[in-house]
Amino acid sequence: MFRRWVYLDLDVPSNAYGDFTWRDFKMLYKKIEKIINTTSDVTGYMGAFAIVCAALILTYEVVFRYLYNAPTIWEIEASVFLLMFSGFIGASFVLKNNAHINIKLITSRLSSKTQMLLDIITSILSFLFCVAMTYRAWPMWWEAYDLGWVSESLWGPPLWIPYLFLPVGFTIISAQYVVHILKSIEKYKLYTEK
């Protein structure tokens, strides 16, 4: 079912000879870009929801600990896992919306052309870092899953769950960096053609 949906959604016509033209590539890229942006939006909202859940869990713990003298063994670890989820999974949403913290003390003094070029270079370096983290994180997650690692706390949840946040988050942000870099290059080309 999923394979059929992806096939139908990404099906791009080619010319009469069956060659894949530049126009076809651009159409395909636009569809892939839409999928990546939608994924980043969804994961951003999931991250925000995880923060709300972590806050509710901590509030629940405070109320039950101090009013009913009934502490729990799971709330701190669960809220930490939710905050990890929010940070790693929600990062692509932040990148998509250019909402990362920027310190422009030096770059604000540069020309617009230099700022755009610097954005491209730093985005490529960040993309390479994210790809390297993705490459290392998937085997780490698999090892935790395969060997049945669990937390050493009294609650003892399986560690493959929070370990999964890292490779999934870095995979999504790597894809979002590709979109960001291509848009930055296009913006730079349009600016230099003026």
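No value in this document is a laboratory result; all are computed from the given coordinates. Fair warning: this is a prediction, and the values are worked out from it, not measured in the lab. Every residue, glycine among them, receives a Cβ derived from its backbone with ideal geometry; neighbour counts consider all protein chains shown.
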Note to self: To test your reading of the geometry: what angle, between 0 and 90 degrees and rounded to tens, separates the Cα axis of helix 160-192 from the longest principal axis of the chain?
What the structure shows: 30
Note to self: Out of the GluC sites (Glu not before Pro) in the stretch 51-121, which ones are loop residues according to DSSP with at most 12 other C-beta atoms within 10 Å?
What the structure shows: none
Check: Which label marks the calculated value of Kirkwood radius over Cα pairs in Å, given the options (i) 22.3; (ii) 19.9; (iii) 18.0?
Finding: (ii)
Next item on the list: Report the label-to-label distance for Y66 and W155 in nanometres (one decimal), using points 7 Å from each Cα along the Cα→Cβ vector.
Entry: 2.0
Margin query: Tell me the relative contact order for the chain as a rounded percent, counting alpha carbon contacts under 8 Å between residues six or more apart.
Written below: 24
Notebook entry, point to check: Which cross-chain or sequence-distant (5 or more) residues have an amide H under 5 Å from the amide H of V150, H modelled 1.01 Å from N in plane?
Noted result: L159
Check: If one takes the longest principal axis of the Cα atoms in the chain, at what angle in degrees, from 0 to 90 and to the nearest 10, does the Cα axis of helix 75-89 lie?
Finding: 0
Check: Put +1 on the Cβ of each Lys and Arg and -1 on the Cβ of each Asp and Glu in the chain; which of I181, F64, L128 then has its Cα farthest toward the positive end of the dipole?
Finding: I181
Margin query: Using 0.36 nm times the number of residues separating Y145 and E186, minus their current alpha carbon distance, what extension gain do you get?
Written below: 10.6 nm
Item checked: Highest-fluctuation residue, V42, V94, V150 considered, GNM on the chain with Cα pairs under 10 Å -> V150
Margin query: Tell me the mean residue ellipticity at 222 nm calculated for the chain from its helices only (DSSP H runs of n ≥ 4, each -39500 (n - 2.57), averaged over every residue, nearest 500).
Written below: -26000 deg cm²/dmol
